[in-house]
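Asks: Got a structure for you, questions after.
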Amino acid sequence: MLKKLQREGLDKAKHHPSITEGDFQKLREPEVLSMKTPKGLQRKVWFDMMISFGRRGRENQRQFTKDTLEIKTDDRGHEFAQFAHSETTKNHRGDISDDNFEKNPRMYSTYKPDCPVQALKLYLSKRNPTTNDFFQLSRPKVDANDKIWYTSRPLGKKNVK
C-alpha cells in the first residue's frame, strides 16, 4: 500500500535532512568522538557503525557481542569490518553470506587518524574480556595506557548511543 501511495504522489513522509559538514566537524571536536577516552571511543564506534551500516538507532545493538563484527581484508588489500553473521531486523532481511554490498555492508578503513576500522580495533582491544557484551560501561577513571577501559557490566539498553 505504501508503494502504491508513493507512485500516486500521496506519500506524506518527511525525512530528516542530511548531516552537514559543519555538524560533522562539531562531532569531531575533542571528547565527543575522541579515541583517547573510553566514552569518546565508544561513541565513535557507535557513530561509525550507524553511518557505515545504516543501522536504525539502537535496534538489536544490546544483543551485539564481541564476535558480532569481524575485520577482514578485501582482494585489493583494503581492510574493512562487516557483520560476522546474518541478522534479521525490520530493514535487514536474508543471508549476508554473499558479497552483495547492500546485503552485507562494509565499513572500510580510511587510513586517517579518525579511521573507523582502527577505532573498532582499539575498542575491541580495550573491552573487558570477561564478558561477551559488545557495549560495556566505561570505567570511571582510566589512563590511556590502561589495558582495559570498560567494566564487565553491559551498557544499558537506552544508553547504547
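Asks: Name every residue in segment 2-47 that is in a loop (DSSP other than H, G, I, E, B) and either of a type in the set (Lys, Arg) or on the phi > 0 side of the Ramachandran plot (or both), in order of residue number. Before the answer, list the steps.
Replies: Let us first name the residues in segment 2-47 that are in a loop (DSSP other than H, G, I, E, B), namely 8-20, 28-37.
Correct list: Gly9, Lys12, Lys14, Arg28, Glu31, Lys36.
Asks: From the set of residues in segment 113-132 that are modelled with pLDDT of 90 or more and outside any helix (DSSP H, G or I), which is surrounded by the most Cβ atoms within 10 Å (Cβ to Cβ)?
Replies: Arg127
Asks: Can you tell me which of Phe24, Phe53, Phe47 is among the aromatic types (Phe, Trp, Tyr) and at pLDDT below 80?
Replies: Matching residue, one of Phe24, Phe53, Phe47: Phe24.
Asks: Quick test for you: out of Asn100, Asn145, pick the one residue that is modelled with pLDDT of 85 or more, assigned to a loop (DSSP other than H, G, I, E, B) and not β-branched (Val, Ile, Thr).
Replies: Checking each option against the conditions leaves just Asn145.
The values are calculated or read from the model by the stated rules, or taken from the named source; none is laboratory data. The structure presented is a predicted model; accordingly, all values stated were derived computationally and were not measured. Ideal geometry is used to build each Cβ from the backbone, glycine not excepted, and the neighbour counts take in all protein chains shown.
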